Amino acid sequence: MPILSAILAIAGVQFAATGAAWGLRRREDALKRQLPYIVSLAVGVLIATALLHLMPEAVEQLGNGRLVWGLLGGSMVALFATERIFFVITGNDAEPEVGDPCAHNQQTQGHHHHGPHSTRPMNLILASMLHSFVDGAAVAVAFLTSTRIGWVTAVAIALHEIPHRMGDFAVLVHMGLPFRRALRLAAIAGIPSLVGVALVLFAGGYSARYVGWLLPVSAGSFLYIATVNLLPELQSECKLPRVLLQLGCLCAGIGLVVLVGTLG
């Protein structure tokens, strides 16, 4: 059943993400060193899922029209606008640092990917809740399309949500919050993903023929997260062996999605 599969998938993603944040309490340095490679893998999976699974399915269901591609681009613009307006309203629109990105390499690795860090924990959590909602909706749309695409989408969500949750937790602790409270807030940030699943599944149950129009929106959100939020985090690395390893992980992410599609 797509409903049960979607709920289990998103619950599994949130459990894994919160568990990874909990694991930071003793292995923070080691895990932070691995985050750039996890992020690289996530970028490959997100881009490939959007372009090789979600968009082909959208074109097959809806046709190769301008509206389909307009929804793809429009969802990216809408997410960008939402994030920018949110950060300006909450006073979290910090000026970017200027200078050699290599000088800030150690400072930027392992941070979350939702824009400038807030000096107020709730701003950080609210931004994370917004993206959790989008993630949950994307998983639900994918499962309503097909079980195969649903699980591929869930893997893509997990690979970017886990480092994101770890980054959030690290930032909250850095702000001076006690370990337990920081972990509790990081867990709360994932609750809207279940709301996203519930809303899409409810709408799909009454108007299944319209669910296909959410496929390009989901693809746009994946491309936005990969290109706007995640890729800039990888640009601070200036050592060639690590850059090559990141590129290898990115290609591995693409290969994983291609393999899943072949097996499906």
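FYI, it's all coordinate maths here, none of it is from the lab. These numbers were taken from a predicted model, which means no experiment stands behind them. Neighbour counts run over all protein chains shown; Cβ positions are idealised from the backbone, glycine included.
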Order the peptides 35-41, 243-249, 7-13 from the highest to the lowest mean number of other Cβ atoms within 10 Å of their residues.
35-41, 7-13, 243-249
At what distance in nm do the modelled label points of Leu259 and Arg184 sit from each other, each positioned 7 Å from its Cα along Cα→Cβ?
4.1
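Give me the extension gain from Cys238 to Asn64: residue separation times 0.36 nm, minus the current Cα-Cα distance, reported in nm with one decimal.
Values: separation 174, 0.36 × 174 = 62.64 nm, distance 4.08 nm.
Between Cys238 and Asn64, full extension yields an extra 58.6 nm.
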Per residue of the range 219-235, what does 6.51 cos²θ - 1.76 cosθ + 1.60 with θ = phi - 60° give for ³J(HN,Hα)? Whole Hz please, x for Gly and Pro, Karplus curve as stated.
4, x, 5, 5, 5, 5, 4, 5, 8, 9, 8, 8, 4, x, 5, 8, 7
Where a label projected 7 Å from the Cα of Thr82 along Cα→Cβ would reach, residues of the range 222-236 with amide N under 18 Å
222-230
Quick one: if you stick a label point 7 Å off each Cα along the C-beta vector at Ser146 and Leu52, how many nm between them?
1.4
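Starting with the highest mean, order 190-200, 217-227 by the number of other Cβ atoms within 10 Å, averaged over the residues of each peptide. Before the final figure, lay out the partial values.
Working: 190-200: 19.9, 217-227: 24.7.
Put in order of decreasing packing, that is 217-227, 190-200.
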